[in-house]
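Nothing in this text is a laboratory measurement; each read-out follows from the coordinates by a stated rule. Owing to the predicted nature of the structure, the values given are computational and were not obtained by experimental measurement. Note that each Cβ is placed from the backbone with ideal geometry, even for glycine, and that neighbours are counted across all protein chains shown.
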Amino acid sequence: MTPTRIAIAAALASALAGTVAISERAEAQGKMTVEKCYGVSKAGQNDCQTDNSSCAGTSKKDNQPDAWIAVPKGTCQKIVGGMVKS
Amino acid sequence: MTLALREWQATFAAQLAGGGGEGRLAIHRHNISSSLIRSLGATLSTVRALVGEEFFRQAAQAFISRGLPTQPVLAEYGADFAGFIEAYPSAESLPYLADVARLDWALNVAFHSPRLEAADLSAVPPERLAASALVLAPGVALVRSAYPLDRIWAVSQPGAPEGTVDLDGGAARLLVHRRADDATFIALGEGEAAFVEVLGEGQVVEVAAGAALAVEPAFDLTAAFARLLACEVFAALRQ
């Protein structure tokens, strides 16, 4: 076995020793009894919801997406500096 | 004119996607786009927060016009949004936005991934572990950015304290992973990122450690491995 592999094995062993101690501590605190297997959908990802306004099928906004150009104005105002784009 | 059912459905679907159709058909079309915009907003919540509701709706509408979902799960819609926003002219002033979309998407994927019992690697002899490849847990992903993506993400969360982020604050390497009830990320060092990346390619631990040392001579394998174990990044030994 190469000296490198021995060094790597030793490093992994100490990392694992540390984790065992952590998981034992978690065990002592009581195991989680509830566990979800999959994430629960966020609002909006559930199903095809109906907007209150959508029965007004004449909404012009929807059919003219290019009629106006929105400007980003959210938390991007908190991001400052950066390379100047030409 | 009488259409066969098949033709009628095809015509209806085409009109829902935006082509032609009059009057009440617009109601259906509007429902589809508002559902999809809402879904994209939930999936890409940080992008939405950054650009604001109005801009997001417009960008999402443009994205939707390129193609409706091809599968029935709404949470799986938007995989290529990052690529879209990168080329979206109106977002040109926000060069980091595509990376934010990538992070949002990776978190979404991790969130919807099954959570497996983490591999018990303590039973594996360390010498064998060094020569083994490891399977990363479902949803684990490395997102690299030339921008301080973790801080950009943090200031865009609901209830984030006031403050600014300097876009020149340095590159970020974020490891997205599943937790018990949600998904999260940790910022990795250069060596750690290389380690995970090379492991993700199916290389053995020894090779990954070598790659990490090559990019970061002070790479601490023990600390890095312990950190990754704590995040339950490893699902199994690769057979």
Just to confirm the filter: which GluC sites (Glu not before Pro) across segment B:79-167 are DSSP coil and have at most 12 other Cβ within 10 angstrom of their Cβ? B:Glu92, B:Glu117, B:Glu162
What's the exposure ranking of B:Val155, A:Val80, going from fewest to most Cβ atoms within 10 Å? A:Val80, B:Val155
Calculate one ³J(HN,Hα) per residue across segment B:211-224 by plugging θ = phi - 60° into the Karplus curve 6.51 cos²θ - 1.76 cosθ + 1.60, and present them in order as whole Hz with x for glycine and proline. 5, 5, 5, 5, 8, 9, x, 8, 3, 9, 4, 4, 4, 5
Could you compute the longest span of chain B free of trypsin sites (Lys or Arg not before Pro) located in DSSP loops and having at most 14 other Cβ atoms within 10 Å, not counting the site residues? B:67-178
Phi to ³J(HN,Hα) by Karplus 6.51 cos²θ - 1.76 cosθ + 1.60 over segment B:196-206, Hz, x for Gly, Pro: 5, 4, 6, 4, x, 7, x, 7, 6, 4, 4
In whole Å, what is the distance between the alpha-carbon centres of segment B:22-53 and segment B:110-169? 29 Å
With charges only on Cβ, +1 for K and R and -1 for D and E, what is the dipole size of segment B:12-94 about its Cα centre, in debye, rounded to 20? 280 debye
From the backbone phi of segment B:100-109, what are the Karplus-calculated ³J(HN,Hα) couplings (6.51 cos²θ - 1.76 cosθ + 1.60, θ = phi - 60°) in whole Hz, Gly and Pro given as x? 5, 4, 4, 5, 4, 5, 4, 5, 5, 5
So B:Ser93 and B:Ala123, fully extended at 0.36 nm per residue minus their Cα-Cα distance, gain in nm 5.6 nm
Would you calculate, for chain B, the mean residue ellipticity at 222 nm contributed by helices, counting each DSSP H stretch of 4 or more residues as -39,500 (n - 2.57) and dividing by all residues, to the nearest 500? -14500 deg cm²/dmol
Can you put B:Val205, B:Val233, A:Val71 in order of Cβ neighbours within 10 angstrom, beginning with the fewest? A:Val71, B:Val233, B:Val205
